[in-house]
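Here is the structure we will look at, set down as structure tokens.
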Amino acid sequence: MSEVNESSSSWREGTGSVVGDTEIRYNSRYSAVGGGYGGGPAGAGVKGKDGENWKFHAVEFAKGFAEMSVEFGKGVRDVLKQSVIREDSILVRKVGPLCCKVCRRLSFLNEYLPEDRDPAHAWSVIIFVLFLASAVLIASNDNIYPTTSVKKVCIHPPSASRISLPDGRHLAYQQQGVPAELARFSMIAPHSFISSRLAGIPGIKTSLLQEYGIRLVTYDLPGFGESDPHPSRNLESSAMDMLHLSYAVNVTDKFWVVGFSDGCMHAWAALRYIPDRIAGAVMVASMVNPYEPRMTKEEKSKMWKKWTTKKKNMYILARKFPRLLPYFYRRSFLSGVHGQIETRLALSLGIRDKALLEHPLFEKFWQRDVEESVRQKNAKPFVEEAVLQVSNWGFSPADLKVQRKRPGKGIMHWIKSLFGQTEEILTGFLGQIHVWQGMEDMVVPPSTSDFLQRVLPDAMVHRLLYEGHFTYFYFCDECHRHIFSTVFGNPQGPLTPEPEPEPDQSPVQNDDGETQDTILGDVATDEENVSSVVNPDKEDYID
């Protein structure tokens, strides 16, 4: 047996020397239990090799994919160099000089790089890392800063008084101040954009209205608050609504119209279409049409320069593509949640305006006013209001200038002027127009008041040195008193009710001239007559 083993081992050595040592060794013993090779279970070695093979294939696939990606990137780079980034390509001719100029401006930054680094490669890596870090910080911003709770819009029960207009619509309004029969002055105030009848003069005190004897009536524009929408409204129909409201609430004399910001265009319409019913106008931060043709290029430039890009785009959409406005409105103030006023209206505000907006009283008022404004959840009235701001008004504030009416043309008018004395007739609005303008107002820039002063020399423009857009009109008792004292003078209180005439108790004469004595004690009063009818069986008791 030893000879046989020796011969087999010598045969294996000889074979290995010819074929080459593959370092594979086989165990000549069979397993007694599993019938496999080795001493362990039959499937253990197979499962271990399958797991190692899967990992090996995954790693090799990843390596191959990475190598293919690198080669693909190199190929794309070569294609771009050969086709797009050539010196004679259009892209290089257009953008190349600008890029070279920027690189020369930023070449001083190359001093901070190591000497063995190519600036072109190094700065591309640095920019990519900065972009990646910024993305990570933005994504993790919610974890760093606590999120504030979003307050939803709450629709309150109806609370307004309403009148019926001649066309069948209903107009909602509310009253403040003294009653109609005691009012020394009557004021009607249309509201501004994203507002309602609840605004009026924000924060006005009832005691101040009573001190001056003022009755303040505010109303919802068509489609806002509790007012019915108008199928085809314009500024003339807005003035007619104001006229019908004045008669419905028993304003028989002339009344003052109050406007703030965008709501001033309805005040301008009242001065234009119903001047005989208007005693005067009080306007704060008076907005005019940003496309007003009588404005100079310098005035328009100063106005548009103060606005944010979003506000400019909204004006352009309202003038050119108004059908796109509902999409933006439903994503902002019609979304069902509250937001900041400067975000909703795309406003650029000054320091004092921002401080006022952060006050809890202003925030509470603003949210309640917006909730009433969007009560009907319809974007059409807001689109109509935005389009009215930038479309042709049908008139210009310059048309309200007081001037002599020009005589008619023709032979007949010439003959009448020769043989008769023509009476000079004044045209325009003959009442008072007061405009208060904050010099730090960035929503309605001061250039607007400059335009109004130029086209309406009789208007009284009050320039407020340190006031913004909201600070002079919202929750400012001194400002409200200053407005009333400027317009109405010293406070005189409400009107004194006229005493009722006393009954005539003179003796009654008969036809024959004799006087008939009237014994008052024998005449039963109305209350006694009513009592005797209700209780006929009641006995009279005499103490």
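Quick note: the coordinates plus some simple rules give every number you see, no bench work behind them. Small disclaimer: the values here were computed from a predicted structure and weren't measured. Cβ atoms come from the backbone with ideal geometry, glycine included; neighbour counts cover every protein chain shown.
Please compute, over every Cα-Cα pair in the range 181-224, the percentage with a separation greater than 12 angstrom. Across the range 181-224, Cα pairs with separations above 12 Å total 60 percent. Each label point was placed 7 Å from the Cα along the Cα-to-Cβ direction; for V402 and V337 their separation is 5.4 nm. Here the gap between S69 and R319, fully extended at 0.36 nm per residue and compared with their Cα-Cα distance, gives a gain of 85.0 nm.
Take the Cα of N490, step 7 Å toward its Cβ, do the same at C154, and the gap between the two points is 4.7 nm. Of the cross-linked pairs K151/K320; K94/K311; K94/K297; K311/K354; K312/K380; K151/K205, those separated by over 23 Å at the C-alpha level are K151/K320; K94/K311; K94/K297; K151/K205. Within the shell defined by Cβ-Cβ distances under 14 Å, the residues around D353 carry a net charge of -3, with Lys and Arg each +1 and Asp and Glu each -1. Here the 3J(HN,Hα) profile of the range 440-449, calculated from phi with Karplus coefficients 6.51, -1.76 and 1.60 at θ = phi - 60°, is 9, 6, 9, 8, 10, x, x, 5, 5, 5 Hz, Gly and Pro shown as x. Express the relative contact order of the range 234-393 as a whole percentage, based on alpha carbon pairs under 8 Å and six or more residues apart in sequence. It comes to 23 percent, rounded to a whole number.
As a calculated quantity, the FRET efficiency between C103 and E52 at R0 = 51 Å, using C-beta atoms, amounts to about 0.45.
Global dimensions of the range 179-335 from alpha-carbon coordinates: Rg and Dmax equal 17.3, 50 Å.
Let's test the formula: R0 of 25 Å, r as the Cβ-Cβ distance of E60 and I126. What FRET efficiency results, to the nearest 0.05? Calculated transfer efficiency: 0.15.
Among the trypsin sites (Lys or Arg not before Pro) in the range 233-336, those located in a DSSP loop and surrounded by at most 13 other Cβ atoms within 10 Å of their own Cβ are R331. Under 5 Å from the amide H of H462 lie the amide H atoms of V435, W436, Q437, each residue being 5 or more positions distant or on a separate chain, with H modelled from the backbone and absent for Pro and chain starts. Between S134 and D88, full extension at 0.36 nm per residue minus the direct alpha carbon distance yields a gain of 12.9 nm. Across the range 321-411, Cα-Cα distances exceeding 21 Å account for 53% of all pairs. Shown here for the range 332-410: GluC sites (Glu not before Pro) in loop regions (DSSP other than H, G, I, E, B) with at most 12 other Cβ atoms within 10 Å, namely E358. From the largest down, the range 244-343 spans 45, 40, 24 angstrom on the principal axes of its Cα atoms. Could you tell me whether the range 192-263 comes out rounded, prolate or oblate from its Cα gyration tensor? Rule is a ≥ b ≥ c as square roots of the eigenvalues, rounded for a/c under 1.5, then prolate if a/b exceeds b/c, otherwise oblate. Oblate, because a/c is 1.5 or more while a/b does not exceed b/c.
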